[in-house]
Amino acid sequence: MTISFDLDDTLIPGIKRFPTESRTLLRRLSGAEPLRQGTIALWKTLQREGYRIVIYTTSLRCRRKIWWTFLVHGILLHTIINQKTHEHRLGQNSRLHSKYPPASGIDVHIDDSEGVAREGLRHGFRVIVLEEQQVGWQAYILQALQQRAVQAAMRPDRPAAPAQ
């Protein structure tokens, strides 16, 4: 299963605040952005369980900066989708969707935005919403992914293309 994570206010604090991974000397000197506390452990668990993990953000960060932030935290990324990639993959439809994970083969997207969750309902893709102060957020994600995996095995219904 391929899953994606949003960055801003989901894994990287911005407007929303949450505890972050320790800021080692290397992380501070490298200019890497801080990640939500527990991200490294969750990533290792997800990779061990066979999930393919993607970053899907519509921020204007360059892919190299995103890659570097995760590398400094000991995390290798499979794919990074930023605003430029999003626009390239969706073409003119990119204005209709703030995010559209199925266009990149993503089964489930994890985001802090209820708006993205509403888009998922409207356009037929799965979203797990992560709250700012989500208690036990790693277990919450793992449980939600397991439930979605069971649902997908029972009823695969991934949409093929974005609605126009």
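Odds and ends about this structure:
- When the residues of segment 47-65 are filtered to those that are in a helix (DSSP H, G or I) and under 23 Å from Leu142 (Cβ atoms), the one that is farthest from the chain's Cα centre (by Cα) is Arg48.
- Test for Ser94: is it within 16 Å of the chain's Cα centre (by Cα) and of a type in the set (Gly, Ala, Ser): no
- Given (1) part of a helix (DSSP H, G or I); (2) buried (at least 19 other Cβ atoms within 10 Å of the Cβ), number of the condition Lys44 does not satisfy: (2)
- Residues (of a type in the set (Phe, Trp, Tyr), touching a strand residue (DSSP E or B) at 6+ places or on another chain (Cβ under 8 Å) and buried (at least 20 other Cβ atoms within 10 Å of the Cβ)) located in segment 54-101: Tyr56, Phe70
- Residue check for Thr58: modelled with pLDDT under 95, over 18 Å from Glu131 (Cα atoms) and either of a type outside the set (Asp, Glu) or out of contact with any helix residue (DSSP H, G or I) (no Cβ under 7 Å at 6 or more places or on another chain) (or both): yes
- In segment 31-51 there is at least one residue that is modelled with pLDDT under 90 and of a type outside the set (Asp, Glu).
- Selection of first residues in segment 65-77 that are farther than 14 Å from Ile53 by Cβ and of second residues that are assigned to a helix (DSSP H, G or I) and hydrophobic (A, V, I, L, M, F, W, C), restricted to Cβ pairs under 9 Å at least 6 apart or on distinct chains, gives the following pairs, ordered by first then second residue: Val72/Leu26.
- Among the residues of segment 1-30, the ones that are within 28 Å of His88 (Cα to Cα) and assigned to a loop (DSSP other than H, G, I, E, B) come to 9 in all.
The values are calculated or read from the model by the stated rules, or taken from the named source; none is laboratory data. Predicted model only: the values in this text are computed from it and were never measured. Note that we place each Cβ from the backbone using ideal geometry, even for glycine, and neighbour counts take in every protein chain shown.
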